[in-house]
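Okay, here's the structure, questions in a sec.
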Amino acid sequence: MSTEQNKAIIRRWIEEAWNQGRLELADEFYAADYTAIDADDPQRILRGPADIKEYAIRLRSAFPDIHFTIDHLFAEGDKVVGAFTIRGTHQGYYGAIPPTGKAVVFKAVDIWRFAGGKIVERCIASIDRLGLLQQLGAIPPLETREG
């Protein structure tokens, strides 16, 4: 597949699955042997379309109105890199954090690798979890100091 076709798959995944909740698309876009590794938490590994759907269900449960905006999308060879702004309202548990009703905005960067027309690997390169947790009130904001 071409880089443009791979980018089109990512655009559809973001718009239709994340933003519209059509998580069944994971079976169409992700290979059975798909693996995702979180650069911030290497112990957390997702495998196969079922894991990506479960992850999305948990995040969409915490933020039912979650919306991803694609800020940048680049492709070269078999890889696509996307930078996103994610918005939502905290209406369900996010891990151990009970719903706060707070609106949040945070950034993320993912790198996907394609083979045979499907996503076979994803590196969750960066998620602003610190900023998210600060917005939810779980972590106090960093102090700014002069001098």
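Throughout, read-outs are computed from the coordinates displayed, never taken from laboratory work. Predicted model, so just to flag it, every value in this text is computed and none were measured. Cβ placement follows ideal geometry from the backbone for every residue including glycine, while neighbour counts extend to all protein chains displayed.
Going from the alpha-carbon gyration tensor of the chain, what semi-axes, largest first and in whole Å, does one get by taking the root of 5 times each eigenvalue?
Square roots of five times the eigenvalues give 28, 17, 14 Å.
Take the chain, connect every pair of alpha-carbon atoms lying under 10 Å apart with a spring to form a Gaussian network, then pick out the residue of P64, P98, P49 with the largest mean-square fluctuation.
P98
Kindly express, to the nearest 10 degrees and within the range 0 to 90, the angle between helix 48-62's C-alpha long axis and the longest C-alpha principal axis of the chain.
On a 0 to 90 degree scale, this one is about 30.
Based on the inverse mean of 1/r over its pairs of different Cα atoms, what is the Kirkwood hydrodynamic radius of segment 61-147, in Å?
It is 14.7 Å.
Next up: If one takes the longest principal axis of the Cα atoms in the chain, at what angle in degrees, from 0 to 90 and to the nearest 10, does the Cα axis of helix 3-12 lie?
Helix 3-12 sits at roughly 50 degrees to that axis.
Subtract the Cα-Cα distance of F74 and Q5 from 0.36 nm times their separation in residues, and report this length gain in nm to one decimal. If you can, show how the numbers build up before the last one.
On the way: separation 69, 0.36 × 69 = 24.84 nm, distance 1.19 nm.
Full extension from F74 to Q5 adds 23.6 nm.
Among the aspartates and glutamates, which have Cα under 19 Å from the Cα of K118 when same-chain residues fewer than 8 positions away are ignored?
E4, E15, E16, E24, D27, E28, D33, D51, E54, E76, D78, D110
Calculate for the chain the 222 nm mean residue ellipticity that helices alone would give, adding -39,500 (n - 2.57) per DSSP H run of length 4 or more and normalising by residue count, nearest 500 deg cm²/dmol. Intermediate values should be presented prior to the final figure.
On the way: 4 runs with 36 residues, N = 147.
Helix-only estimate at 222 nm: -7000 deg cm²/dmol.
For the chain, what proportion of DSSP beta bridges, expressed in % and rounded to the nearest 5, is antiparallel? Don't skip to the answer; put the middle values down first.
Working: 33 of 38 bridges.
Of the beta bridges lying entirely in the chain, close to 85 percent run antiparallel.
For segment 74-147, which trypsin sites (Lys or Arg not before Pro) are both in a DSSP coil and crowded by at most 13 other Cβ atoms within 10 Å?
When the trypsin sites (Lys or Arg not before Pro) of segment 74-147 are filtered for loop state and at most 13 Cβ neighbours within 10 Å, K102, R145 remain.
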